[in-house]
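The values are calculated or read from the model by the stated rules, or taken from the named source; none is laboratory data. This one's a predicted model, so the numbers in the text were calculated from it and none came from an experiment. Cβ coordinates were reconstructed from backbone atoms using ideal geometry, including for glycine residues, and neighbour counts include every protein chain displayed.
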Amino acid sequence: MNHFFIESLSPLYEAVQTGRIFPDSKFFPDCTPKSEPAAILEAYEQSKNEPGFDLKNFVETHFDFPPEHNPDYRSAEKPIMHHLENLWDTLLRHPPATHPQHSTAVPLPHPYVVPGGRFREVYYWDSYFTMLGLQVSGRANTIRHMVDNFAHQIETLGFIPNGNRSYYLGRSQPPFFALMVNLLAEMKGDAVLLEYRRALEREYTFWMRGESELSAGNPAHYRVARLPDGNVLNRYWDEHASPRPEAYMEDLHVAEQSGRAPDAMYRHIRAAAESGWDFSSRWFADGQRMETIQTTDLVPVDLNCLLYYTEKTLVHTYRLQPDHVPVEVMKDLARLRKTAIQKHCWNEAEGYYFDYHSRESRHSREWTLAGVFPLFFHIAETEQAKKVAEHLEKKFLHPGGLVTTLTRSGQQWDAPNGWAPLQWMAIKGLRDYGYTQLADEIRQRWMALNEKTYVATGKMMEKYNVMDIDAKAGGGEYPNQDGFGWTNGVYLKLKQG
């Protein structure tokens, strides 16, 4: 499959991005050339030095701008449940009859739900939480279509990218595919697991690529890291070491301010984008400044819990087959990973789960909601879950729900913001260990904030300020977005009980 890359329009690409003619760096990469890129570049070279040349007019002449879907949609007059049910159709995208030859969009065979706002494509980990709501809404066919799209990407690309855009093809996102398949299996039966066996295996292979090349002298390669005791866990990574096209100026600025080697900076930035937590003090060496980002040096607790679940899903899938051949091998891999998570991510002194700094052989110092993942995936022991629950109540719980981290850095995945997916992971994890009162309190506070904001704005937001429920959420590289796929999905799931 041939993909169109916006970087192929260099030097026009750099001129548009550095010229800041659009307020959002993502806008131009989402535009579609009206003619052959070579012809557009030739026209640009011929006219750029002419008197009165206007770069924005040039772009408007030679590119189709991304469509605004349902710009007249209004929700404020509708009850929230009515709004959410209607919104699925507003956020649903159908594959075009013919795919534009020169578009950064990567074609998908089936309909899918986008998050909303500036996010015009399907996003990997968002989609699982969106599916929770689609399940409540009885839209099993849409879930099936989305799982099939992800399986198609695994088959054709070898992995599930961050989103279906060519500028995302260097990275994935938190591996929730096994949870999606199991969600579908809940609705359709265990035979679903056998249907997606090959896709599950290939996804796992993608994350474990490079494992055979690890050694004491080469402790990290691609998305795998060998720890000093020989255990292998995973990290986030990106194939490229250049500014992200969708955040070109932002990345240039951070790299310049850092005084560090630009290639290393871009790799850390892109790896953080793969984490979905873009950006957070979690990834910063000093816990405050983006310029100290060190993502690829960290072994994230949530990522490894997700891969543990993938291993467990493959064990269950293999048991459904007549020969059972790979069961024991995958069981051992899951057991080893669980032991390694407990050893390297549990901090006994603090009584909480942390990321692990592989280069410095120590726990991260950043308290984050990634620490709830071992509860969600039933890795934590009873006493560990008790300590995590106590910390959630004392440190993370605020009037609007759970705050993402305890740090105010100005980044969107930090205080004072809360995010729907992390509320769900925490609530479900706490319930599974018997902490129903705390789980219910988080649920009530989060849903009340969603409802309060909806009454005030008529919108469901990407994120919320859980510390000051009268203030808007902020931080990050772009304004707070409304829509919003995963917020809608989690709200509907929580509304169910």
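Which one is farthest from A140 (Cα to Cα) among residues in region 179-194 that are more than 24 Å from the chain's Cα centre (by Cα) and surrounded by fewer than 18 Cβ atoms within 10 Å (Cβ to Cβ)? Ranking the qualifying residues of region 179-194, first place goes to L194.
Does D432 satisfy the condition of being modelled with pLDDT of 95 or more and within 24 Å of A340 (Cβ to Cβ)? For D432, the condition - modelled with pLDDT of 95 or more and within 24 Å of A340 (Cβ to Cβ) - is met. Given the criteria modelled with pLDDT under 90 and hydroxyl-bearing (S, T, Y), does Y73 qualify? So Y73 fits the description; yes. With respect to I469, determine if the residue is in contact (Cβ under 8 Å) with a residue 12 or more places away in the chain, over 25 Å from W125 (Cβ atoms) and of a type in the set (V, I, T). Considered against the rule, which asks whether it is in contact (Cβ under 8 Å) with a residue 12 or more places away in the chain, over 25 Å from W125 (Cβ atoms) and of a type in the set (V, I, T), I469 comes out as yes. A single entry from K78, K26 fulfils the requirement of being part of a loop (DSSP other than H, G, I, E, B), over 21 Å from L169 (Cβ atoms) and not aliphatic (A, V, I, L, M): K78.
Here L108 meets each of (1) farther than 27 Å from K459 by Cα; (2) of a type in the set (A, V, I, L, M, F, W, C); (3) not in a loop (DSSP other than H, G, I, E, B) with one exception, condition (3).
Taking region 289-305 as the range and being under 15 Å from the mean Cα position of the chain (by Cα) and outside any helix (DSSP H, G or I) as the test, only P300 passes.
Only one of the listed residues (D414, D432) is under 27 Å from M461 (Cβ atoms) and either touching a Gly at 6+ places or on another chain (Cβ under 8 Å) or not aromatic (F, W, Y) (or both). That residue is D414. Scoring E60 on the criteria (1) in contact (Cβ under 8 Å) with a residue 24 or more places away in the chain; (2) surrounded by 13 or more Cβ atoms within 10 Å (Cβ to Cβ) leaves a single failure, condition (1). Selection within region 187-239: residues that are part of a loop (DSSP other than H, G, I, E, B) and among the basic types (K, R). The member of this set that is nearest to Q342 (Cα to Cα) is R235.
Among residues of region 121-144 that are within 24 Å of G497 (Cβ to Cβ), those with a beta-carbon under 6 Å from a residue that is among the hydroxyl-bearing types (S, T, Y) and assigned to a helix (DSSP H, G or I) at least six positions away or on a different chain give the pairs L134/T142.
Going through R226, R244, R209 one at a time, which residue ends up being in contact with a Ser or Thr (Cβ under 9 Å, 6 or more places away or on another chain), surrounded by fewer than 22 Cβ atoms within 10 Å (Cβ to Cβ) and of a type in the set (D, E, K, R)? Answer to the check: R226. Against the conditions (1) in a helix (DSSP H, G or I); (2) in contact with a helix residue (DSSP H, G or I) (Cβ under 8 Å, 6 or more places away or on another chain), D148 satisfies every one except (2). Any residue at all in region 94-115 that is crowded, with 16+ Cβ neighbours inside 10 Å, in contact with a helix residue (DSSP H, G or I) (Cβ under 6 Å, 6 or more places away or on another chain), more than 30 Å from I40 (Cβ to Cβ) and of a type in the set (S, T, N, Q)? Within region 94-115 (the criterion being crowded, with 16+ Cβ neighbours inside 10 Å, in contact with a helix residue (DSSP H, G or I) (Cβ under 6 Å, 6 or more places away or on another chain), more than 30 Å from I40 (Cβ to Cβ) and of a type in the set (S, T, N, Q)), the answer is no, since none of the residues qualifies. If you go through region 380-395 and pick out every residue that is among the basic types (K, R), more than 20 Å from M467 (Cβ to Cβ) and in contact with a Leu (Cβ under 9 Å, 6 or more places away or on another chain), you end up with 0.
The C-beta contact set for region 438-450 (first residue part of a helix (DSSP H, G or I), second residue of a type in the set (S, T, N, Q), distance under 8 angstrom, 6+ apart or interchain) comprises I442/Q423; R443/Q423; W446/Q423; N450/T487. Restricting K394, K331, K386, K338 to those that are more than 22 Å from L306 (Cα to Cα), without any contact (Cβ under 8 Å) to a residue 60 or more places away in the chain and assigned to a helix (DSSP H, G or I) reduces the list to K394. Residue check: is T339 at pLDDT 95 or above, under 17 Å from N231 (Cβ atoms), out of contact with any helix residue (DSSP H, G or I) (no Cβ under 7 Å at 6 or more places or on another chain) and outside the structural domain of Y433 (by TED's automatic domain parsing)? For T339, the condition - at pLDDT 95 or above, under 17 Å from N231 (Cβ atoms), out of contact with any helix residue (DSSP H, G or I) (no Cβ under 7 Å at 6 or more places or on another chain) and outside the structural domain of Y433 (by TED's automatic domain parsing) - is met.
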